[in-house]
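The values are calculated or read from the model by the stated rules, or taken from the named source; none is laboratory data. All figures in this text were calculated on a predicted structure; none of them were measured in a lab. Neighbour counts are summed over all protein chains in view; Cβ atoms, including those assigned to glycine, are modelled from backbone coordinates with ideal geometry.
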Amino acid sequence: MKKLVILIVGIAMFGLLATADCFAANQVNISASAVIDNHSPEIDVTILKFTDGNPDNDPWTGSTEVSSMDFGTLVSSISGGGSSGLWYSTAGFCVVIFTQPYGKPYEVKSTCNGLVGQTTAATLPAGSFGLTPVYSADDEWQWDGGSAAQGPMPAGASLGSAGPAIATDKLIYSSESGTATARILQAYYGLPPYKAGGADPHPGFEPIPLTQAPDTYTGTVTITISQK
């Protein structure tokens with residue numbers, strides 16, 4: 001009787017092994033997932049101050065990185081002596097704008113409501129504060145171990161025109177349609193004098209007269225990126 005029980009158990013175990021082998025899978029399915037958020041276009045900026053007039057048209061040379069646009073004490077004298085007949089700053093600023101549109105068509109704009117005297121509440125002439133957008137194909141994207149120039153402006157994209165920075169939603173850049181690409185932009189801000197020969201430094205220029213009330217004039221420049 002004992003031998004019979006052992007034999008029955010042995011047969012049962014063999015049957016289990018045979019059944020497991022017969023039903024083993026020849027493939028395994030493992031689920032995987034990932035989420036991409038719906039991002040709005042974004043910007044990052046670097047502010048560069050120069051006092052040499054930027055003769056090489058490269059804001060990265062001969063400049064200092066700063067956190068605000070402090071034009072300092074304005075002057076009226078010109079190089080070589082004499083008076084310019086207006087107040088102006090020897091400093092200029094280039095705001096380098098790095099865009100990330102996440103593929104969405106976008107616009108970059110600048111708004112400034114004015115430069116206002118802290119004591120007198122007087123305002124500088126709207127046309128005295130200038131903005132000139134620039135696109136440089138030589139501006140580089142950089143990463144650990146490498147860099148690459150951004151190349152020409154995409155077809156269908158456009159720059160805003162030079163003019164007064166005291167304005168609402170003044171266009172700096174409008175991207176291409178369809179799938180838009182990240183770009184590096186330059187926005188020059190200044191309180192300039194006349195150019196050589198008396199030409200205006202930008203369209204819509206208004207000089208700061210020598211009769212302007214003495215004061216410290218302040219304001220805010222707001223640069224925005226938005227989907228178009």
For this session: State which residue pairs qualify: first residue over 30 Å from SER79 (Cα atoms) and inside the stretch 29-53, second residue among the acidic types (Asp, Glu) in any location, beta carbons under 6 Å apart, and separation of 6 or more residues or different chains.
Result: none
Exercise. When you go through (1) among the hydroxyl-bearing types (Ser, Thr, Tyr); (2) within 24 Å of LYS170 (Cβ to Cβ); (3) assigned to a strand (DSSP E or B) one by one for SER68, which number turns out not to apply?
Worked result: (3)
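Show me the strands (runs of 3 or more DSSP E) found entirely inside the stretch 109-162 where at least 2 residues are in contact with a His (Cβ under 9 Å, 6 or more places away or on another chain) and under 21 Å from MET69 (Cβ atoms).
Correct list: 130-134.
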Seminar exercise, completed: For GLY151, the lone unmet condition from (1) under 21 Å from THR46 (Cβ atoms); (2) touching a strand residue (DSSP E or B) at 6+ places or on another chain (Cβ under 9 Å); (3) of a type outside the set (Ser, Thr, Tyr) is (2)
Exercise. Any chance the stretch 156-173 includes a residue that's without any contact (Cβ under 8 Å) to a residue 60 or more places away in the chain, more than 30 Å from PRO125 (Cβ to Cβ) and among the small types (Gly, Ala, Ser)?
Worked result: yes
Exercise. So how many residues does the stretch 51-89 have that are over 30 Å from ALA180 (Cβ atoms), at pLDDT 95 or above and not aliphatic (A, V, I, L, M)?
Worked result: 8
Problem set entry | Exclusive hit being surrounded by 15 or more Cβ atoms within 10 Å (Cβ to Cβ), at pLDDT 95 or above and closer than 19 Å to PHE98 by Cα, set TYR135, TYR217 | TYR135
Seminar exercise, completed: The residue that is farthest from the chain's Cα centre (by Cα), considering only those in the stretch 171-188 that are assigned to a strand (DSSP E or B) and surrounded by 21 or more Cβ atoms within 10 Å (Cβ to Cβ), is TYR188
Exercise. Counting only residues that are surrounded by 14 or more Cβ atoms within 10 Å (Cβ to Cβ) and touching a strand residue (DSSP E or B) at 6+ places or on another chain (Cβ under 8 Å), how many does the stretch 54-70 have?
Worked result: 6
Problem set entry | Filtered residues of the stretch 42-65 (kept if closer than 15 Å to THR132 by Cα, part of a loop (DSSP other than H, G, I, E, B) and not small (Gly, Ala, Ser)) | ASN54, ASN57, ASP58, PRO59
Exercise. Say we look at the stretch 194-213 and pick out the residues that are part of a loop (DSSP other than H, G, I, E, B) and either under 13 Å from VAL116 (Cβ atoms) or free of Cβ contacts under 8 Å to residues at least 24 places away in the same chain (or both); which of these is farthest from the chain's Cα centre (by Cα)?
Worked result: THR211
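Take the residues in the stretch 92-124 that are touching a residue at least 40 places away in the same chain (Cβ under 8 Å), over 21 Å from the mean Cα position of the chain (by Cα) and surrounded by fewer than 19 Cβ atoms within 10 Å (Cβ to Cβ), then tell me which one is nearest to ASP58 (Cα to Cα). Walk me through it before giving the result.
Of all residues in the stretch 92-124, those touching a residue at least 40 places away in the same chain (Cβ under 8 Å) come to 92-120, 122-124.
In the following step, the residues that additionally are over 21 Å from the mean Cα position of the chain (by Cα) were identified as 114-120, 122-124.
Adding the requirement that they be surrounded by fewer than 19 Cβ atoms within 10 Å (Cβ to Cβ) leaves 114, 116-120, 122-123.
Values: GLY114: 28, VAL116: 31, GLY117: 32, GLN118: 34, THR119: 37, THR120: 37, ALA122: 35, THR123: 31 Å.
Filtering first and then ranking leaves GLY114.
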